[in-house]
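The values are calculated or read from the model by the stated rules, or taken from the named source; none is laboratory data. Worth saying up front: this structure is predicted, and the values here are computed from it rather than measured. Every residue, glycine as well, gets a Cβ built from its backbone with ideal geometry; the counts of neighbours run over all protein chains shown. Remember, those area values only see protein heavy atoms, side chains included, never the ligands or the DNA or RNA. Shrake-Rupley method; radii C 1.70, N 1.55, O 1.52, S 1.80 Å.
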Amino acid sequence: MEEPNSDSDRGFDAASAQAGGVIKNGREILYQGFNWESKNSNWWEHLANKVSDLANSGFTSIWLPPTTQSLSPDGYLPQNLYCLDSCYGSNDQLRSLLGKLSEHKIRAMADVVINHRAGTTQGHGGVYNRYDGIPLPWDEHAVTSCSGGLGNKSTGDNFDGVPNIDHTQSFVREDIAQWLIWLRKDVGFQDFRFDFAKGYSPEFVKEYIEKSKPMFSVGEYWDSCEYSPTDNSLNYNQDNHRQRITNWIDSTGGLCAAFDFTSKGILQEAVKGQMWRLRDVQGKPPGVMGWWPSRAVTFIDNHDTGSTQNHWPFPSEHIMEASFQLYHAVWFCATLVFPITILMADNTLSFKHIMCQGYAYILTHPGIPTVFYDHFYDWGDSTHDQIARLMEIRRSQDIHSRSTIKIIEAQPDLYSAIIEDKLCMKIGDGSWSPSGDEWKLATSGIRYAVWHK
């Protein structure tokens with residue numbers, strides 16, 4: 001078992017003094033550095049070859065998949081938390097990758113899976129709820145009573161099929177805190193992503209952050225949006241949904257951000273010709289972004305919602321890279337930005353274009369945007385370059401998590417907004433451009449355009 005090494009702290013104390021500064025600064029662009037199939041290759045070496053491009057693109061933190069030994073190859077059924085040999089690569093390969101990220105000034109984000117833990121030995125009730133023979137050799141009292149252990153009742157939702165960790169036990173919390181410190185101090189992670197954050201009380205997340213002092217942390221509080229019982233359509237008002245996420249953030253003392261599932265759910269309906277959804281009754285963005293933007297981590301898809309799992313995907317039938325058997329050109333007038341379609345073969349056309357509308361939205365808006373691996377590398381150079389260009393504009397115009405926003409249009413086929421009075425954007429089929437000669441077209445694509453002064 002490797003323990004935190006006080007002689008090898010990689011600047012832990014100095015970095016700890018800056019913890020919280022990342023949220024205060026608000027100029028993060030996160031990158032999810034894996035998908036659901038990454039476990040099937042030597043992923044650490046693969047990612048190492050991408051680091052230079054990621055740095056040049058302007059990413060500040062890369063979220064890596066779970067790094068510890070796991071009962072499942074994807075890493076989400078962890079067992080030996082101190083073993084860093086996984087299906088993604090070896091301990092040495094991981095540390096080499098983290099070193100390269102550090103050299104390029106990109107922080108590494110650990111996927112912290114501490115809601116549940118696969119046991120090694122059968123205990124009470126014949127359940128594998130003991131951890132004999134590995135570091136952190138807990139017994140059944142470390143497992144919640146509602147998941148086959150002798151601990152207390154869970155403080156959150158149960159994750160079925162595996163022992164859920166009882167965070168009310170002081171010895172469990174101390175062990176987890178020391179493990180997180182080890183990840184920070186010895187291994188070299190700087191940021192944390194808390195998996196299945198609905199499974200345990202946010203007060204424990206607060207405690208773990210206070211003790212381990214990550215530079216930045218974000219929780220996966222994935223709650224169901226509200227839908228109409230008659231036709232299963234998404235309700236316009238999602239205030240209850242974003243309130244639950246906001247309450248969770250607040251209960252961490254504001255120390256942890258959260259993925260803005262509200263914005264994702266609304267945005268992926270809006271791009272289907274329902275852009276009116278993107279303005280709430282108060283004239284603000286309708287997700288967590290509209291209420292607490294400095295803690296709202298916006299995204300289009302991730303390894304669960306998209307990839308090969310596709311649990312809740314952004315509309316893929318319209319996603320950007322062309323997949324067609326015809327020639328088709330779409331031109332945009334630089335001032336009016338309306339589509340002129342020239343059909344050069346037959347009528348069958350399948351553009352993967354709605355996804356870039358999504359990135360045109362989150363990369364120009366307040367909040368902390370996240371780019372997904374698949375979109376940046378698996379969908380061709382054109383998609384990669386368009387996302388990189390949107391990132392470049394965000395940085396050059398100094399758009400940040402707290403940037404002010406004025407929504408101009410929110411019609412079925414058009415959404416437009418002005419951000420910080422120095423950048424404006426539109427998405428949708430509708431024709432719109434800002435008035436005034438001071439506005440210059442910065443970039444455009446299918447159904448989106450961005451201007452700056």
On the accessible surface of the range 358-453, probed at 1.4 Å, how many percent belong to carbon and sulfur atoms?
43
Zone residues, the range 163-200, relative to His311, backbone N less than 12 Å from point 7 Å out along Cα-to-Cβ
195-199
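What do you get when you divide the Cα radius of gyration of the range 188-309 by 2.2 N^0.38 Å, with N the number of residues? Mind dumping the intermediate values first?
Values: Rg = 15.1 Å, N = 122, 2.2 N^0.38 = 13.7 Å.
Against the compact-globule rule of thumb, the ratio is 1.11.
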To the nearest 20 debye, what is the magnitude of the charge dipole of the range 371-453 about its Cα centre, counting +1 on the Cβ of each Lys and Arg and -1 on the Cβ of each Asp and Glu?
280
Enter the mean projected area of the convex hull around the alpha-carbon atoms of the range 15-120, in nm², rounded to one decimal.
7.3
Go through the range 99-111 residue by residue and turn each phi into a ³J(HN,Hα) via Karplus (6.51, -1.76, 1.60, θ = phi - 60°); whole Hz please, and just put x for glycine and proline.
x, 5, 4, 4, 4, 9, 6, 10, 7, 9, 9, 7, 7
Cα centre as origin, Lys/Arg/Asp/Glu Cβ charges: the range 130-239 dipole, Debye:
420
Can you tell me which aspartates and glutamates have their Cα less than 13 Å from the Cα of Lys206? Leave out same-chain residues fewer than eight positions away.
Asp250
Whole-number percent relative contact order across the chain, with pairs defined as alpha carbons under 8 Å at least 6 apart:
13
Per DSSP, loop trypsin sites (Lys or Arg not before Pro) in the range 403-434 with at most 16 further Cβ within 10 Å
Lys422
Residues of the range 197-224 with backbone nitrogen within less than 20 Å of a virtual label 7 Å along the Cα-to-Cβ line of Lys24, please, listed as ranges.
206-207, 209-218
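With the other protein chains left in place, how much accessible area per residue, in square angstrom, belongs to the chain at a 1.4 angstrom probe?
Heavy-atom accessible area per residue stands at 39 Å².
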With the convex hull built on the alpha-carbon atoms of the range 111-161, volume per residue in Å³ sits at 83
Positive end of the dipole of the chain, charges at C-beta (+1 Lys, Arg; -1 Asp, Glu), about the Cα centre: which of Gln169, Ser294, Trp182 has its Cα farthest in that direction?
Ser294
Sequence-distant or interchain residues sharing an amide H contact under 5 Å with Ser403, placed H: which?
Gly367
Globularity index of the chain, i.e. its alpha-carbon radius of gyration over 2.2 N^0.38 Å:
1.01
Projected label distance in nm at Arg402 and Ser90, using a 7 Å step from Cα toward the beta-carbon
4.7
To the nearest 20 debye, what is the magnitude of the charge dipole of the chain about its Cα centre, counting +1 on the Cβ of each Lys and Arg and -1 on the Cβ of each Asp and Glu?
1160
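Which loop GluC sites (Glu not before Pro) in the range 203-249, with loop taken from DSSP, have no more than 16 other Cβ atoms within 10 angstrom of their Cβ?
Qualifying residues, ordered by number: Glu226.
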Straight-line reach from Lys50: which lysines have Cα under 26 Å away, leaving out those fewer than 8 places along the same chain?
Lys39, Lys100, Lys105, Lys185, Lys352
Placing one identical point scatterer on every Cα of the range 210-257 and ignoring solvent, what is log10 I(q)/I(0) from the Debye formula at q = 0.21, 0.26, 0.31 Å⁻¹?
-0.76, -0.96, -1.14
The range 189-236 - Debye-derived log10 I(q)/I(0), Cα point model, q = 0.16, 0.20, 0.23, 0.28 Å⁻¹:
-0.56, -0.69, -0.80, -1.03
How many times 2.2 N^0.38 Å is the alpha carbon radius of gyration of the range 79-203?
1.13
